[in-house]
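K.L.:
Just passing along the structure, written as structure tokens.
The values are calculated or read from the model by the stated rules, or taken from the named source; none is laboratory data. Computed from a predicted model, the values in this text were never measured in an experiment. When we count neighbours, we look across all protein chains shown, and the Cβ atoms used for this are built from the backbone with ideal geometry, even at glycine. All accessible areas refer to the heavy atoms of the entire protein, side chains included, with ligands and DNA or RNA removed. Shrake-Rupley method; radii C 1.70, N 1.55, O 1.52, S 1.80 Å.
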Amino acid sequence: MTQFQHYQPTKITFGAGEIKQIGQLTAKYGTRCLIVSEPIFAAVKPAYDRIFSLLEEQGIKVTHFDGVVPNPPTSVVELGRQVAVEAKCDVILAIGGGSSIDTAKIISATINVDLLDWEHWFATYDSPFGDIQPLPAETVPLIAVPTTSGTGSQVTHAAVITNAEQHAKLTLFHPDFYPREALIDPELMLTLPARMTAMTGFDAFSHAFESFTGSKPSPFVDSMALQAMTLVVDNLPNVVDDGSDLFGRCQLAMADTLGGIALANGGAGAPHPLGEILGSKKTNLPHGLTLAVVYPAYTQIQWRKQPERYAQVAELFGAVGSTEEKAQSLSIHLVTFLKHIGLESNLTQVGVTKEDVESLEPAFCFDLPLTTGEEMKQVLRASLV
């Protein structure tokens, strides 16, 4: 008998042009709003100006924290938290990619905490499933507006934060990290550069793949994951070639959201911890790229454990033959796909050396389904070729 749990508390508003609702939506939760984002650049300034105007029309006082950086460290979270406390914000609006949304999640969860003990947080809220410890204080309502299609953070309970003391990217989990609402408007993604589109799109694919081949399958996870992967395979190359393709942007935004929901319920596999380690040690490597350069080797090593599922994924790329033949071919199809969207497919291509890989070995202390620590080392070594 099939048994599973599935949880998704975030209310989703999806569609091109739906950003027009952001004022009324935010006003349901508060009157003093902290906007959390990376620094605004020229291409996106009109969209931000419009959002500020829509909020002000509803009588909402806006405070803008634009200090988010990629792979946000604890120090950035603390700065944003201080801004929110001083402005007495009662609602938080995250605008941007995963770094902005993840930073906003922790600000939301810590704004009412007197003293932020990072050692306690990293030790206590480090598991996506199982026993959940209550947060030390009430959270402030969080609304997420993604401007990329990849992280899925707008529909997950995870926040990736860099531990400044350990120089390591770590993931915090808690059900209260789910945003109250997510407003997903693909028009906001039209200005995303081609390479960023490719990297975030492959991140969405990897969320779906890892939940589909993970240890917590369910009819919901499987269905969402397969649909998300199909949408990425069918649309990402076209959108990389033509960033103004609004239909394709809508399809990728849907893939991102489906992949995030699948990930939150199915869990991540080994490539994500590998990517986080590479991202923390080689900080010039964006998250989606760290996944791209390990995935071909990972699937080449792992396909024998789940040939039927790997074959199903390979079929999305046009693989034919027996189940074993299709499953074994997935790594080759991934290399071809990554080349098509302009991404590298091994560590050597992005400047990671054998010495770099060997220096990462002490960090491998994972208890992940389907993959041992030694196999993870093997994946990194194989990714050098």
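K.L.:
Give the residues of the stretch 333-353 that are surrounded by fewer than 16 Cβ atoms within 10 Å (Cβ to Cβ), assigned to a helix (DSSP H, G or I) and touching a residue at least 60 places away in the same chain (Cβ under 8 Å), sorted by residue number.
P.N.:
His340
K.L.:
Taking strands (runs of 3 or more DSSP E) that fall entirely within the stretch 147-232, which contain at least 3 residues that are in contact with a Phe, Trp or Tyr (Cβ under 9 Å, 6 or more places away or on another chain) and over 26 Å from Gly17 (Cα atoms)?
P.N.:
Ranges flagged: 158-163, 168-173.
K.L.:
Within the bounds of the stretch 175-187, is there any residue that is within 14 Å of Ala253 (Cα to Cα), surrounded by fewer than 20 Cβ atoms within 10 Å (Cβ to Cβ) and touching a residue at least 12 places away in the same chain (Cβ under 8 Å)? Talk me through it step by step, then tell me what you get.
P.N.:
Pass one, the stretch 175-187, residues within 14 Å of Ala253 (Cα to Cα): 182-187.
Narrowing further to those that are surrounded by fewer than 20 Cβ atoms within 10 Å (Cβ to Cβ): 187.
Next, only the ones that are touching a residue at least 12 places away in the same chain (Cβ under 8 Å) stay: 187.
Yes, because at least one residue in the stretch 175-187 is within 14 Å of Ala253 (Cα to Cα), surrounded by fewer than 20 Cβ atoms within 10 Å (Cβ to Cβ) and touching a residue at least 12 places away in the same chain (Cβ under 8 Å).
K.L.:
Next question. Which of the residues that make up the stretch 316-332 are under 18 Å from Lys305 (Cβ atoms), open to solvent by less than 60 Å² (accessible area, probe 1.4 Å) and assigned to a helix (DSSP H, G or I)?
P.N.:
Lys326, Ala327, Ser329, Leu330, Ser331
K.L.:
Still on this structure, please answer the following. Quick check on the stretch 278-315: of everything there that is under 22 Å from Lys377 (Cβ atoms) and among the small types (Gly, Ala, Ser), which residue is surrounded by the most Cβ atoms within 10 Å (Cβ to Cβ)?
P.N.:
First, pick out the residues of the stretch 278-315 that are under 22 Å from Lys377 (Cβ atoms): 278-283, 285, 287, 289-306, 310.
Subset that is among the small types (Gly, Ala, Ser): 279-280, 292, 297.
Details: Gly279: 23, Ser280: 22, Ala292: 30, Ala297: 25.
Once the filter is applied, the top-ranked residue is Ala292.
K.L.:
Restricting attention to the stretch 206-227, report how many residues are touching a Leu at 6+ places or on another chain (Cβ under 8 Å) and within 21 Å of Gly342 (Cβ to Cβ).
P.N.:
Going through the stretch 206-227 one residue at a time, the tally reaches 3.
K.L.:
Return the residues of the stretch 251-261 that are open to solvent by 10 Å² or more (accessible area, probe 1.4 Å) and under 26 Å from Ser127 (Cβ atoms); say none if nothing qualifies.
P.N.:
Leu258, Ile261 - these are the residues of the stretch 251-261 that are open to solvent by 10 Å² or more (accessible area, probe 1.4 Å) and under 26 Å from Ser127 (Cβ atoms).
K.L.:
Shifting gears a bit: Take the residues in the stretch 1-24 that are aliphatic (A, V, I, L, M) and open to solvent by 10 Å² or more (accessible area, probe 1.4 Å), then tell me which one is nearest to Thr148 (Cα to Cα).
P.N.:
Among them, the one singled out is Ala16.
K.L.:
Go through (1) closer than 27 Å to Gly259 by Cα; (2) part of a loop (DSSP other than H, G, I, E, B); (3) hydrophobic (A, V, I, L, M, F, W, C); (4) modelled with pLDDT of 95 or more and name the single condition Val77 misses.
P.N.:
Among (1) closer than 27 Å to Gly259 by Cα; (2) part of a loop (DSSP other than H, G, I, E, B); (3) hydrophobic (A, V, I, L, M, F, W, C); (4) modelled with pLDDT of 95 or more, the lone unmet condition for Val77 is (2).
K.L.:
Also, quick follow-up: Checking His120 against (1) in contact (Cβ under 8 Å) with a residue 60 or more places away in the chain; (2) exposed (fewer than 13 other Cβ atoms within 10 Å of the Cβ), which test does it fail?
P.N.:
So His120 meets the others, but not (1).
K.L.:
Continuing with the same structure: Quick one: Ala264 ticks every box in (1) open to solvent by less than 10 Å² (accessible area, probe 1.4 Å); (2) within 18 Å of Leu291 (Cβ to Cβ); (3) in contact with a helix residue (DSSP H, G or I) (Cβ under 6 Å, 6 or more places away or on another chain) except a single one, so which number is it?
P.N.:
Condition (3) is where Ala264 drops out.
K.L.:
Here is a follow-up. Just one of (1) within 21 Å of Thr139 (Cα to Cα); (2) over 21 Å from the mean Cα position of the chain (by Cα) trips up Glu57, so point out which.
P.N.:
(1)
Each row is one residue, and each column tells you yes or no for (1) open to solvent by 30 Å² or more (accessible area, probe 1.4 Å); (2) over 28 Å from Leu263 (Cβ atoms); (3) at pLDDT 95 or above; (4) part of a loop (DSSP other than H, G, I, E, B).
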{"residue": "Glu38", "(1), (2), (3), (4)": "yes, no, yes, yes"}
{"residue": "Ala43", "(1), (2), (3), (4)": "yes, yes, no, no"}
{"residue": "Asp49", "(1), (2), (3), (4)": "yes, yes, yes, no"}
{"residue": "Phe52", "(1), (2), (3), (4)": "yes, yes, yes, no"}
{"residue": "Val62", "(1), (2), (3), (4)": "yes, yes, yes, no"}
{"residue": "Val68", "(1), (2), (3), (4)": "no, no, yes, yes"}
{"residue": "Arg81", "(1), (2), (3), (4)": "yes, no, yes, no"}
{"residue": "Ile95", "(1), (2), (3), (4)": "no, no, yes, no"}
{"residue": "Thr103", "(1), (2), (3), (4)": "no, no, yes, no"}
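K.L.:
Against the condition in contact with a Phe, Trp or Tyr (Cβ under 9 Å, 6 or more places away or on another chain), of a type in the set (A, V, I, L, M), at pLDDT below 95 and outside any strand (DSSP E or B), how does Ile132 come out, does it pass?
P.N.:
Yes; evaluated as a whole, the condition is true for this residue.
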